[in-house]
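Below: the structure, in structure tokens.
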Amino acid sequence: VSREQPEINEMKECLNAAGAAATLMSGSGPTVYGIFPEEGGASKAYRTITKMVRGKGWRVLKAQSVES
């Protein structure tokens with residue numbers, strides 16, 4: 001999929017540059033997400049990535065896992 005949609009790799013590179021421990025794509029897309037071990041890192045990455053992708057038309061969201 002990433003050969004036909006190079007934005008996927010670009011998104012993963014943004015997440016990695018912002019400190020993600022892992023980056024994945026959900027199903028066949030279009031959701032790409034990063035795993036951050038600490039909430040502070042995720043918050044900082046959210047701010048950084050939002051600035052990095054300004055003007056690309058990408059939607060950046062910050063989510064939190066639910067503990068059981």
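The values are calculated or read from the model by the stated rules, or taken from the named source; none is laboratory data. The model shown is predicted, which means the values in this text are computed figures rather than measured ones. Virtual Cβ from ideal backbone geometry, glycine too; neighbours counted across all protein chains shown. When the accessible area is computed, the model is the full protein with side chains, heavy atoms only, and any ligands, DNA or RNA have been set aside. Shrake-Rupley method; radii C 1.70, N 1.55, O 1.52, S 1.80 Å.
Details
- Scanning segment 49-68 for residues that are open to solvent by less than 80 Å² (accessible area, probe 1.4 Å) and not hydroxyl-bearing (Ser, Thr, Tyr) yields Ile49, Val53, Gly57, Trp58, Val60.
- Scanning segment 20-54 for residues that are farther than 17 Å from Ser65 by Cβ and among the small types (Gly, Ala, Ser) returns Gly27, Ser28, Gly29.
- Of note, Tyr46 does not satisfy the criterion of being in a strand (DSSP E or B) and surrounded by 10 or more Cβ atoms within 10 Å (Cβ to Cβ).
- Members of segment 20-39 found to be within 14 Å of Lys62 (Cβ to Cβ), open to solvent by 50 Å² or more (accessible area, probe 1.4 Å) and not aromatic (Phe, Trp, Tyr), listed by number: Thr31, Ile35, Glu38, Glu39
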